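K.L.:
Attaching a single structure in structure tokens format; questions to follow.
The values are calculated or read from the model by the stated rules, or taken from the named source; none is laboratory data. The structure presented is a predicted model; accordingly, all values stated were derived computationally and were not measured. Note that each Cβ is placed from the backbone with ideal geometry, even for glycine, and that neighbours are counted across all protein chains shown. Heavy atoms of the whole protein, side chains included, go into the accessibility calculation; ligands, DNA and RNA do not. Shrake-Rupley method; radii C 1.70, N 1.55, O 1.52, S 1.80 Å.
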Amino acid sequence: MAGKYAAVTADVASDPLLASFIDALPRGAHVLDLGCGPGIIAAHMARSGLRVTATDASREMIALAVGSPGVTARLATFDEITGEDIFDGIWANFSLLHAPRADMPRHLAALHAVLKPGGLFHIALKSGTDAHRDSLGRLYTYYTADELDTLLRAAGFTPFSSATGRDTGLSGEMADWIAIAAHG
């Protein structure tokens, strides 16, 4: 499904949340694109003057992302994000929704650790209260705005803005979503 996903996500230039993320960071800032998929967003960030490390747990996605100029792409799961004060920004756009609910607190804590103090964190997830597998077999864990805000604050983040919407995903199903921007 890597190729199909690349086609679905090809129009990144029209994403106001991505534009806001890029504009909030200084040229040359080091960012992590967590769950980068085919690397389209990572490549767009690199063309915009950011230094990008892109990770994904899918070999097929990394194979597509690895050829993007200005992007260092590597195969990695959420559990393999380690270190301290590495990134000026983290873009976690519809990636952490594939993690089981019980794992979210430790994933957020690890991301807070790799984000430099005051760094910018973007997270977007499908909104709701449950978890299920879509018609493609992928796990989705849903969060309410309040629940996500609480999790972010517990991990040390300071949320400062949010957005909501409704879109069609790769499976063709419509879903509500929430995005939150926070500082580390």
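K.L.:
What's the percent breakdown of Cα-Cα distances in the range 14-58 across 10 Å bins, shortest bin first?
P.N.:
Answer for the range 14-58: a P(r) of 30, 58, 12 percent.
K.L.:
Tell me, what % of the accessible area of the chain is carbon and sulfur with a 1.4 angstrom probe?
P.N.:
Of all accessible area on the chain, carbon and sulfur atoms account for 54 percent.
K.L.:
Run the numbers for Ile86 and Arg153: contour at 0.36 nm per residue of separation, minus the present Cα-Cα distance, in nm.
P.N.:
22.1 nm
K.L.:
Please say if the range 90-184 is rounded, prolate or oblate, where rounded means a/c under 1.5 for a ≥ b ≥ c the square roots of the C-alpha gyration tensor eigenvalues, and otherwise the choice is prolate for a/b larger than b/c and oblate otherwise?
P.N.:
Prolate is the answer for the range 90-184, as a/c is 1.5 or above and a/b outweighs b/c.
K.L.:
For the chain, what log10 I(q)/I(0) values come out of the Debye formula at q = 0.13 1/Å, with one point per alpha carbon and no solvent?
P.N.:
Each listed q corresponds, in turn, to -0.60.
K.L.:
How far is it, in nm, from the label point at Ser14 to the one at Asp134 when both lie 7 Å from their Cα along the line to the Cβ?
P.N.:
1.8
K.L.:
How do the peptides 145-155, 44-54 rank, highest first, by the average count of neighbouring beta carbon atoms within 10 Å per residue?
P.N.:
With the highest mean Cβ count within 10 Å placed first, the list reads 44-54, 145-155.
K.L.:
Which of the peptides 84-91, 136-143 is most tightly packed, and how do the rest follow, judged by the mean count of other Cβ atoms within 10 Å per residue?
P.N.:
84-91, 136-143
K.L.:
If you average the sequence gap of Cα pairs under 8 Å that are 6 or more apart and divide by the length of the range 85-176, what percent do you get for the contact order?
P.N.:
Computed over the range 85-176, the figure is 29 percent.
K.L.:
Please give the per residue accessible area of the range 35-164, computed with a probe of 1.4 Å over protein heavy atoms only, in Å².
P.N.:
Accessible area per residue: 45 Å².
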